[in-house]
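Encoded as C-alpha cells, the structure appears first; notes follow it.
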C-alpha cells in the first residue's frame, strides 16, 4: 500500500534498485488499485515539475546532487504524462490511445537514458531501465495492435524503390531502437565494475532478443552477440550476474542456435538454462523444454519420458503422439501426427527438427525386421548369431506395413534402398547394401543398430 | 522574409566580395559615430553610397560608377533611424549594404534592381541569421559574441566572405542546438536537388571540399524560400514537400526510363502515372520477348517499380509488375533481384491483391532451400494456409523440402525432374550440391561398387556421360572403372571422403546476393 513517492524514497534510502524501479511501474499493485490515478491527479500539467520536485525530494528529506535530482524530476514528469495517458483508459476511454501511451513512455525512456548517459544517475538504479524497457515493449505492441485495427499506415516515405514490406510492427521497431540504446548504455559503461551499468547488460539483451523474436528478425541478435563477445573480457563471469538474467539469456542463445540447426550447441545452452531455471518457474521451464525435447531427439535420438513431461500437460499433448509413433516405428502414424500438429509446431518453430524424428521411426521399423529375421543356425555350439544378411525386399515389405500402404501401391525398391543408405550414412544402421544381389549386409555382434542393443 | 537574398546575388557573391577586399578599399573602414543623416558620412563612409564617394582617394583607383538616385535613396533609407532593427549592429548593416551595392555595380545591375522594394540591408542581415537558426548543423552556439561591437571594422564582418564566422557564431546563442534541429524540414538536409545541382556539386569538389560544403549548406537554407517565392520551377515546386505529404502524382509521358536510385524526393515530371506505366509494361514484355536483353529489362523494371512506389500504387498491376520481374530475374538467375521482388510480393499477397500467390509461395520455399535459411523457412511454412497446401506447386516445394530434410535423394530427384512453373530455375541452383550429398551417402552405404547407370537414374542426370563427368569433376581421383563392359563407381576406399569434402565445400557458401 505504498505510494509512488514512498517507493522512490525507500529505494533511494536503502539503495534498492528494484524498489526504486517499482515506483516507475505503470501498473497499479493489486493492494492499491488507485495508485496510478492518485499519482496523476495529485498535480496538473503546469505545476507537475515543481510538485514532483517537492514530493520526491523535499517532502522525503532526500538530497541528491543537483543534476541527478533534476534528472529524476524530468523522468517522473514524463512518467506523470504517460500515466495520464494510461489513466484515460479508465476515465475517458474514447480519448485513450495506446499510441499516445507509447509515445509518452518512449519519451520517458529517452529521458532515463539521458539521465544515465549525461546526468549522473547511479548504476545501482539500472532496474529502472529494466522496468521501463519492458513496458516500452509492451506498449509498443499494444500501439501496433491499435494501429492495425484502425487500418492506418501504409507507406513509409523513405527514399526506397520498393515499399517496405512490413508495417504492422512500426512502433515495436521504434521500440527496438530505444532498447538498443539501453543495450549500448549498459555495455559501454566504463566505470569500475562495482558501480557499472554492465550489470544490466543481460537483462537489456534479453529484452532485445525477445523483441527480435517477435519481429521475426532473429538475425539481428547476431549483432548483439558480436558486441557482447567483443567486450566479454570486461564482463564478470556469468555466475556473478542475477540467475534470472542468465537463464533467460542462455535460453535465447540456445534457441538461436536451434533455429540455425546447430543442435549440439543449442542443447548445451538449453540444458544449462534448464538446470538453472527456478523450479517454480513452470512457464519458463515449459518454454525451455519445448526446444530441448526436439533438440535431444536430433542429437541423441532419445524421447522424453512420461515423468519429464508430467508437469507440462501441454507439452505432453504436443509430443506424445509423435513419440509413440517413433517408438513403434509407425511411419503412417508419424506423418499423420506431424500433419495434425503442423500449425502448432511451425508456430513454435520446432517443425523442422521434429520432422527428423521420422528417421528414428524408420530405424525402429527396420530394427524390427532385423529382429524378426531371427538367428542363423549356430555352428559348433557357438552362441547363435542373428541373421545379418537381409534382402531389401523384406525392408520394402516393412515399409508397406509402416506406412499403412494400400496393397496396390507399388513400393519403389530404389527408394527403399535410398532410405537404407541414409540410415547407414547417418550411423543409425551399420552395414552395407550389395545392390547387385538385392541384399543388405548388417554388421555382426550386436552393432547393427547402434545404441539399441542389437 | 519572403524575398530573402536576391537571386542575382547567389552566383555573384563569391567573386564580388573577393574583389572588394583586394586592398585599397580596406583602410577606409574606420568606426564611425552614430549618424542621423547621410551627409556627414560622405567623407568617411567608403560605401559608394553617393556621387561624392568617387572623389575620395581610396576609391579613385576604381572604375568610377555613377549611382542612380534610387540607389541613393536606398542607402538613405538604410541609415534612417526608424529603420533600425534592434540587435543588428550598425557595422553589420553597413557591410551588407556595401556588398549589396558592390555586387549590383559589378554585375551591371544598378539600373535593373528595383531598389524601392529591395529589403534594407539590416533586414537582409536578420534574414541571414534566421536562416542560420533554422540550420540543423549549427552546433557551436556557445561561441557567440563574435559579432561584438569591438569588431566593427567592417571588413571582417562581410557576411558573404566570412560566412562561416558570422553565421556560425552570430546568433545561435538565442537558440540552443536541441531546438534548432527540428525547425527544419526533416528532409532538407538529406535532399540534394535534381538537375543542375548535381553538376555543381561535382564541380565544387575540385576547389575545396569545405567550400563546397559551405555552398551546399547555403543552398539548403535558400531552398524553402525559393519554393514559397516567385520561382515555380520544377526545382523547387514540389519535391521536398511531397515526401512528407503523401504520394507523388506523376506527369511523365515517356514509356521508358532509366533507373536511378532516389537520393531526393521524386520529381513528378519524371514519374510516370499508372496509365503510362501500364503501356510501359506491355512494351517491356514485347521487348523482352524480342531482344532478351536482361540488363536493359532489369533496369526498366526497377524504374517501373520505383514509379509505382513513389505514387503509392498498390493494386493488381503492382503485383503483376513484381511477378513478371521476379520471373525474368529467376530465368536469368539474378537471385538478388528476385529476392527483392519476392519480399515485396509476400507483402502484396498479404493484402489480397490478386496475382499468383501459390506459384510464388512455392518459389519462396525453394529459394530458402537454396539459401538454407531455416529461420526464414519456418516463416515461409507459417505463411501457408490449408488451401495453399493443396496447390500442386506448393505441395511440390514442400515435398522437395521434406525429401531433403530426410536425405531422401531418390524422391528429391524425382521431384526435380517434374517441377511445375519456373521452379526448376531455382532447383538448378542447388541440385549439384544435393548430388554431392547423395553421392557421399551412396559411397558409404553401397559396397563394393554401383553401376554408373544407377547414379544417372537416381541423381537425375541426363546421360551416363554427364554423371561420369560430374563425378570426375568433383573428385580428381579415378573412381570410375569399367568392368564387364559397364562403367562402375567404386564406392570403397577414399570415395566417401572425397565426396564428403566436396559436399562440405558446396554447402559452405551460398551466394545469396548473386546479383548480375
Dividing the helical contributions, -39500 (n - 2.57) per DSSP H run of n ≥ 4, by the residues of chain A yields a 222 nm value, nearest 500 deg cm²/dmol, of -19500 deg cm²/dmol
Once normalised by the length of chain A, the mean sequence separation of its alpha carbon contacts under 8 Å that are 6 or more apart gives a contact order in percent of 7 percent
Plugging the Cβ-Cβ distance of residue A:220 and residue B:463 into 1/(1 + (r/R0)^6) at R0 = 56 Å yields, to the nearest 0.05, a FRET efficiency of 0.75
Quick calc: nm separation of the 7 Å Cα→Cβ label points for residue A:281 and residue A:410 -> 5.8 nm
Going from the fewest other Cβ atoms within 10 Å to the most, one would list A:366, B:470 as B:470, A:366
Subtracting the Cα-Cα distance of residue A:44 and residue A:114 from 0.36 nm times their residue separation yields 22.8 nm
Honestly the range A:1-91 on the Cα gyration tensor test (a ≥ b ≥ c root eigenvalues; a/c under 1.5 rounded, otherwise a/b vs b/c for prolate or oblate) is just oblate
At the level of C-alpha centres, the distance separating the range B:267-315 and the range A:11-35, in angstrom, is 59 Å
A correct fewest-to-most ranking of B:500, A:250 by other Cβ atoms within 10 Å would be B:500, A:250
For residue A:452 and residue A:382, extending 7 Å from Cα along the Cα-Cβ vector and measuring point to point gives, in nm, a value of 2.4 nm
Given B:403-409, A:79-85, B:413-419, the highest-first ranking by average Cβ count within 10 Å works out to A:79-85, B:403-409, B:413-419
Gyration tensor on Cα atoms of the range A:369-442, a ≥ b ≥ c root eigenvalues, a/c under 1.5 rounded, else prolate if a/b beats b/c, else oblate, says prolate
Check: C-alpha center the range B:322-376 vs C-alpha center the range A:314-354, spacing in Å is 29 Å
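Using the count of nearby Cβ atoms within 10 Å as a rough guide to exposure, how do B:476, A:78 rank from fewest to most?
B:476, A:78
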Here the whole-number average of other chain Cβ atoms within 10 Å per Cβ of B:370-379 is 5
Computed over the range A:369-442, the relative contact order (Cα-Cα under 8 Å, seq sep at least six) in percent reads 30 percent
The rounded separation in angstrom of the Cα centers of the range B:381-400 and the range B:61-120 is 78 Å
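Quick note: the coordinates plus some simple rules give every number you see, no bench work behind them. As the structure is a computational prediction, the values presented were derived from the model and not from experiment. All Cβ positions, even for glycine, are placed from backbone atoms using ideal geometry, and neighbour counts span all protein chains on display.
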